[in-house]
Structures are given as C-alpha cells and as structure tokens.
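Read through the structure below, which is laid out as structure tokens, and then see the notes.
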Amino acid sequence: MKTCTTIAETRKTLERLRADGSSIALVPTMGALHEGHLQLIREGFNHADKVVVSIFVNPVQFSPNEDFETYPRDIYKDSGKCRMEGVSMIFNPAAGEMYSDRKLSIEIDELNRHMCGASRPGFFEGVLLVVNKLFNIIKPDVALFGQKDIQQFQLIRKMTEEFNHDIKMVMVPVIRANDGLALSSRNVYLSEKERLIAPCFYRSLQYVEKQISGGVDSLALLLSHQRAELEEKGFKIDYLNLFDLQTLQPAERLMKGQNAVIAGAVWLGKTRLIDNILTEY
Ligand code: AMP
C-alpha cells in the first residue's frame with residue numbers, strides 16, 4: 001500500500017495501479033477511521049478491482065466556529081486499518097496541496113436549504129469542492145459514500161450528473177454500534193454519560209419510522225413530541241423532520257410510493273450527531 005501526499009505522485013501511482021486494466025473505487029474520508037469507513041472500503045471491492053482511500057480534513061467545509069483544529073486525526077492508525085483491508089493507495093494531502101490558489105467555489109440551490117445545509121452555511125459548498133477535486137485527481141470508476149450523510153450523498157450524486165463525472169455512486173447503509181448509535185469520528189467527543197444517552201436519538205427515529213409506516217394521523221404532532229422527548233433527555237435539536245429524498249424539502253405527509261428520509265441532527269453537549277432512516281409509504 002502506497003501513501004501519496006502530492007497530486008503528481010498520486011497520478012503516477014494510479015497509472016501503475018491501472019496498468020493491468022484494474023478498475024478503481026474511491027472512498028473519500030476525513031480519517032479517524034472506524035467500522036463505518038471500513039465497510040465502505042469492503043463494499044468498494046464489490047464494485048472495483050482496487051480501492052483507494054483519501055484522508056483529508058478539508059478546511060473549506062468547516063466554518064470558523066467549528067472543530068477543524070480539534071477534529072480527530074491519526075494517520076498512523078488509519079494506515080494500519082487500510083493496509084489490513086487491502087487498500088492499494090491512500091491519498092493524504094496537506095491543505096496547501098489541495099488549495100494553493102483558490103478563486104472559485106460551487107453554488108448549491110434549494111437542495112442546500114434544509115437539513116445540514118440550513119445549519120452549516122458553506123459546509124456543502126466545501127464538500128462539493130473537495131469531492132470534485134478528488135474526482136478529478138483520482139478519476140475513480142466508482143465512489144462510495146455513507147447513508148449517514150444522506151444530504152451529502154444526494155448532493156454529490158447531483159454534482160456527478162451535472163458536472164458529467166463518469167463515476168458510479170454507491171451508497172452504503174449506516175453502520176451502527178450495538179446499541180444503535182451511528183458510528184462517527186466525532187463520537188469520541190461524547191462523555192461517558194452522553195454516550196449512554198446518545199442511542200436515544202436513533203430510537204426516536206425508529207419510533208417515527210414505525211408510526212409513519214403504520215399511517216400516523218398527524219406527522220407534525222408526532223415529530224414535535226419526539227423533539228420534546230429528546231430535549232427532555234438532554235439533547236438540543238438542530239432539526240428532526242421528514243424530507244423528500246429527491247428534493248430534500250420537508251414533507252408534510254408521505255404520498256404513496258414517495259421515497260423519503262426521516263433525518264435529524266442533534267447536539268449532546270459539544271457533540272453534533274446526525275442520523276437518518278429511509279422510508280417509503
Ligand atoms: P467522514 O470521514 O466522516 O467524512 O466520512 C467519510 C465517509 O464515511 C462518508 O461517506 C460518510 O458518510 C461515511 N460514514 C461515516 N460514518 C458512517 C457510518 N456510521 N456508516 C456508514 N458510512 C459512514
């Protein structure tokens with residue numbers, strides 16, 4: 001397994017990796033790899049001959065009051081995990097290699113108006129910018145992303161269509177701890193007490209899903225009850241709602257055959273958790 005830090009070296013290595021006609025899957029990450037990331041890597045081998053992992057804490061997607069400085073980083077441990085999974089190459093650039101003279105950005109329309117787009121201004125613009133660059137540098141045949149970041153997946157899929165990236169997009173279901181908490185690099189911020197409360201968030205989404213599929217009368221009432229219950233347990237609600245999967249706009253009710261997602265973002269102390277469940281009526 002080779003670790004490249006420059007774009008030139010990455011392109012040369014990829015030439016070698018492709019020399020025998022191999023196809024390439026890319027798993028973009030910010031590192032601090034956990035089982036969720038590893039599942040993306042494993043799934044990569046079901047779609048391509050070789051898997052490349054990028055590890056880059058992208059400064060452009062963090063706003064000044066967010067955790068860019070403290071975001072967990074451990075390239076040594078991450079390398080070991082990638083090697084164990086049979087990864088061919090890690091791309092681990094410094095910020096200067098990715099953004100030497102940035103003058104352009106990507107604008108997003110109403111797909112950015114709700115969910116994390118509403119509470120994290122500039123976040124998805126930064127994500128699309130870096131993924132666009134990674135796609136151009138690595139030119140993978142397949143790219144894998146997690147359902148945990150469902151809005152991110154839908155936006156990147158739209159970008160690949162609009163910008164004519166010839167890349168197959170694969171979404172991997174949310175990987176969870178035994179108690180249901182979605183794995184996340186940020187879970188290390190949780191105190192012991194918060195970690196015990198954290199699974200209530202997923203249980204709340206599950207409850208909403210069960211009620212919706214049972215044909216609930218008032219979705220608004222159901223959601224406001226769940227928000228209040230979570231707040232009582234110590235969560236601060238950023239959002240918790242039902243969204244249309246294609247438009248990413250809040251859905252007041254679920255039409256027959258409509259694909260939707262029950263999605264939320266909540267704070268537990270200084271940790272922001274996101275999670276979602278896909279649903280169809
Ligand atoms: P991150 O390093 O947090 O930027 O995540 C890199 C990729 O891993 C993204 O596509 C995430 O959606 C995905 N991912 C993170 N956590 C999980 C999880 N628990 N289950 C599935 N995919 C995940």
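Using only the alpha-carbon atoms, how far is helix 35-44 inclined from the longest principal axis of the chain? Give it as 0 to 90 degrees, nearest 10. With both axes taken from Cα atoms, the answer is about 60 degrees. Each pair of Cα atoms in the chain enters the Kirkwood radius, and Stokes-Einstein at 20 °C and 1.002 mPa s then converts it into a translational diffusion coefficient of 108 µm²/s. A cut-off of 5 Å between modelled amide H atoms, ignoring neighbours fewer than 5 places along the same chain, links MET30 with PHE56. The lysines within cross-link reach of LYS12, meaning a Cα-to-Cα straight distance under 30 Å and a gap of 8 or more places when in the same chain, are LYS2, LYS50, LYS77, LYS81, LYS103, LYS133, LYS139, LYS158, LYS168. Distance between the pseudo-spin-label points of ASP109 and GLN249 (7 Å out from Cα toward the beta carbon): 1.1 nm. Listed by chain and number, the lysines placed with their C-alpha closer than 21 angstrom to that of LYS256 are LYS210; residues fewer than eight positions away on the same chain are left out. Annotation: peptides 78-86, 54-62, ranked by per-residue average of other Cβ atoms within 10 Å with the highest first, follow the order 54-62, 78-86. Once the 1.4 Å probe is applied to the protein heavy atoms, the stretch 1-133 comes out at 49 Å² accessible per residue. Surface composition of the chain: carbon plus sulfur atoms hold 50% of the accessible area, using a 1.4 angstrom probe and ignoring ligands, DNA and RNA. Relative to the longest principal axis of the chain, what angle (0 to 90°, nearest 10) does the C-alpha long axis of helix 150-162 take? Approximately 50 degrees, to the nearest ten.
The values are calculated or read from the model by the stated rules, or taken from the named source; none is laboratory data. Given the structure is predicted, the values throughout are model-derived calculations rather than measurements. FYI the Cβ positions are ideal-geometry reconstructions off the backbone, even for glycines, and counts take in every protein chain you see. What goes into the accessible areas is simple: the full protein's heavy atoms, side chains included, and nothing from ligands, DNA or RNA. Shrake-Rupley method; radii C 1.70, N 1.55, O 1.52, S 1.80 Å.
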